[in-house]
Amino acid sequence: MNILAFESSCDETAAAVVRDGRTVLSSVIASSADMHAIYGGVVPEIASRKHVEAIAGLAEEALRQSGLSKQEVDAVAVTYAPGLIGAVLVGVNFAKSVALALGVPLIPVHHVRGHIAANYIAHPDLEPPFVCLCVSGGTTLIVAVEDYTRMEILGGTRDDAAGECFDKTARVLGLGYPGGAPLDTLAQAGSDTVYVFPRAHVEGHPLDMSFSGLKTAVINLVHNASQKGEELDLPGLAASFSAAVSDSLVPRVMEANRRTGWNKIAVAGGVAANSRIRRDLETACAQAGARLWLPPLSLCGDNAAMIGCQGYYEYLAGHLAGADLNAYAVRDIRQDAPN
Ligand code: KG4
């Protein structure tokens, strides 16, 4: 089954063709991150406009690279939630038109379910159940993936997402937007014991996290140093910060794994590219005797291949939508798409 898939939830417009869920025939991405970098963060209106400009050309290009004709497309999948509402709407409306024009089913896909599915593309042997740490610019969740379309939330952030915390820290260090990757590179040249940052816990909810205090701690440290004219050890700061994020995530993932007893752990989302988190998870999983699946860096960020992959499993579960499909800025990962 060939699925033409679209993703437009934030600042990447993407199209892909995926066969039977796990074989990517093509995957193309256009990012408007350069435009947002001028403002230090995503400007929703600019993101929406860039999606409108890019999506038709990307659809043609994804089809061309797949070697398939339009008649060989069996279904259209699209991210319908969560994300910047104007941005998601562009993809949803375009996908609706394509599905209607081709006379094929329309499959709504939850963006974070898509991130989880990126692991199926990279790892043919991975099948549910497993515990997945979903960490991106807007999401930080520990999910029990019971089946391809059945999820439970075991824990999550009570405030900022880990990616948001990386981006704001990078901004205050002058590393630009999106700052997670450059901060990661900087951290590799530093010692993680130079600065002491908080590791928050949520009383009574051991698998939940909080990152807003960490973000504030970094911002205060940088501002105080600048007011006093003190120089900061920037690689040390980046390394100490990355250690604090990893220390908030990794032990909770391991505890979630212990509770399920599955001993299978995967990671998903843009922050899954972080070298410190990957290393700490590898060490913790080796100690616990758990198997770990890490997506390749190329599949960590937003792309449409992961939407085509998850779309296949949503299709098998009968989760289709009609021309009245709406976009949602916020949507629980446990909920199937409406109608
Ligand atoms: O999954 P993604 O591309 O978009 C969302 O759905 O949010 O994730 C983007 C996030 C940004 O916050 C970016 O700074 C972060 O992933 N990121 C990283 C790294 N690479 C990307 N954060 C930490 N370390 C990295 N190496």
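Quick rundown of the values:
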item: List Tyr39, Tyr313, ordered by accessible area with a 1.4 Å probe, largest first; result: Tyr39, Tyr313
item: Neighbourhood charge, 9 Å Cβ-Cβ cut-off, centred on Ala33 and excluding it, Lys, Arg +1 and Asp, Glu -1; result: -3
item: Computed [θ] at 222 nm, helices only, for the chain once each DSSP H run of length n ≥ 4 contributes -39500 (n - 2.57); result: -14500 deg cm²/dmol
item: Computed FRET value (nearest 0.05) for Ala323 with Glu231, which takes r as the C-beta separation and R₀ as 56 Å; result: 0.40
item: R0 of 45 Å, Cβ-Cβ distance Gln287-Gln65: FRET efficiency to nearest 0.05; result: 0.60
item: Surface accessible to a 1.4 Å probe, per residue, for the residues of the stretch 151-232, Å²; result: 52 Å²
item: Between the stretch 95-111 and the stretch 229-266, the Cα center-to-center distance that results, in Å; result: 39 Å
item: Charge sum, other residues only, whose C-beta stays under 13 Å from Cys300's C-beta, Lys/Arg counted +1 and Asp/Glu -1; result: -2
item: Residue of Val271, Val172, Val253 that the Gaussian network model of the chain assigns the largest fluctuation, springs spanning Cα pairs under 10 Å; result: Val172
item: Gyration tensor (alpha-carbon) shape descriptor, the stretch 223-339, a/c threshold 1.5; result: oblate
item: Unit charges on C-beta of K, R, D, E only; dipole of the chain, Debye; result: 240 debye
item: Most mobile of Ala170, Ala62, Ala284 in a GNM of the chain (Cα contacts under 10 Å); result: Ala284
item: Largest-first ordering by accessible area, 1.4 Å probe, given options Met35, Met254; result: Met35, Met254
item: Heavy-atom accessible area order for Asp125, Asp324, largest first, 1.4 Å probe; result: Asp324, Asp125
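The values are calculated or read from the model by the stated rules, or taken from the named source; none is laboratory data. The model shown is predicted, which means the values in this text are computed figures rather than measured ones. Neighbour counts run over all protein chains shown; Cβ positions are idealised from the backbone, glycine included. Quick note on the areas: whole protein, heavy atoms, side chains included, nothing else; ligands and nucleic acids left out. Shrake-Rupley method; radii C 1.70, N 1.55, O 1.52, S 1.80 Å.
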